[in-house]
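Each reported figure results from applying straightforward, stated rules to the coordinates on display, with no laboratory input. Keep in mind it's a predicted model, so treat the numbers as computed, not measured. Cβ placement follows ideal geometry from the backbone for every residue including glycine, while neighbour counts extend to all protein chains displayed.
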Amino acid sequence: MQEDIESDNEDESAQDGRLRVCFSREEKSRMRSPWYQGLIIKPFGSKVGYTYLVSKLRGMWNPKGGMDCIDLGFDFFLIKFELSEDVDYILKGGLWFIGQNFLAIRQWEPEFQASSATLSSVAVWIRLPELPIEFYEHNALLKIGRAIGPILRIDAHTANGIRGRFARLCVQVNLDKPLEKTIYLGKLKQVIQYEGIGTLCFDCGRIGHYQEGCPFVVREYSNNTQESPANKGHEEQSNGAGNSEVEKNLRSQQDDFGEWMLVTLRKPFNKGREAKWR
C-alpha cells in the first residue's frame, strides 16, 4: 500500500488547466495511517442492511478491540479495527458467511472507490499435504505460494518447521477462476487443499455455488431424452471434432475436482475465540 506514495517533488502544475491538489509523502502517510488495519468487505447474495451487518459481524468476530463499520456504498463496507490481532484473526479464519451471504474480504487500499471497485479475490488458507521437508525453507514457501496466488502470510508452525504433515499458507484466490488442484515442484506433483470453503462446485472448481447450479459447465441431456440417429449424426457433423475434444477435456476436468480438495475445520465446544481455528 506504500508503493504509490510519491516524493515531495510531486508535480503540482495543472498543465491541462484543471484544478490539482498534490500531497507530500508525509501527508499521505498521515492520512492513510488510521486505515491500514481496515478490511473492505462485500456480501454476495441478498442485500444486507447496515445495522444487521454490524450486529452479525460483532457476534461472529467478537473483536478484542474496537471495531467501526463505514458504509462505502454499492454494497461495500469498510471495517476499521483497533487491534492488528483482530485483522489477523479474520484473515486466518478462512471464508466467512452471514446467513447464506458469502463475505468477500480484502485489506484496505488507498484511493478505493466503491463505484468502480470489484472484489474478485478472497483470502483463504491452503494446505500442501506431505510437502517434502526441504520445501519448508522460507523462500521456497514464498515461491510456491506466489505461484498459486498473492501470498498474505505463512502459518507460524509451517515457518518454524515444527509441523511436517502439511504446509499451511494464506493466499488470495480469484473467485472468477477455478481453484488450482495441484502444483508441480519440478517433477514432483503436489496436491492443494483448501480450508473452510463451504460452497465449491465440483464441476467447474469455482467458489460460490454448488455443482447442481453450475452456470459454467454445459450439461448433457437427460437420459430420458431420446435422439434419433439422423439428428445425432447431423449434430456430430455440425459440431465437428473440436467440440468433441472440448467435451472430453471438460469431463476430464470434472473428474479431478472433489471433496478431497476441502479441509473441514474443527470447531471447539467453547465460545473462546482463541481456540476456534486451532
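Among the strands (runs of 3 or more DSSP E) confined wholly to the stretch 158-200, which include 1 or more residues that are over 18 Å from the mean Cα position of the chain (by Cα)?
Where strands (runs of 3 or more DSSP E) fall fully within the stretch 158-200 and carry at least 1 residues being over 18 Å from the mean Cα position of the chain (by Cα), they are 166-174, 182-185, 188-191.
All but one of (1) over 22 Å from TYR52 (Cβ atoms); (2) buried (at least 19 other Cβ atoms within 10 Å of the Cβ) hold for PHE81, so report the exception by its number.
Result: PHE81 passes all but (1).
If we keep just the residues of the stretch 94-134 that are more than 12 Å from the chain's Cα centre (by Cα) and β-branched (Val, Ile, Thr), which is surrounded by the most Cβ atoms within 10 Å (Cβ to Cβ)?
Taking the candidates together, the pick is ILE98.
Please verify whether the stretch 85-97 includes one or more residues that are closer than 18 Å to ARG32 by Cα and either of a type in the set (A, V, I, L, M, F, W, C) or free of Cβ contacts under 8 Å to residues at least 24 places away in the same chain (or both).
yes
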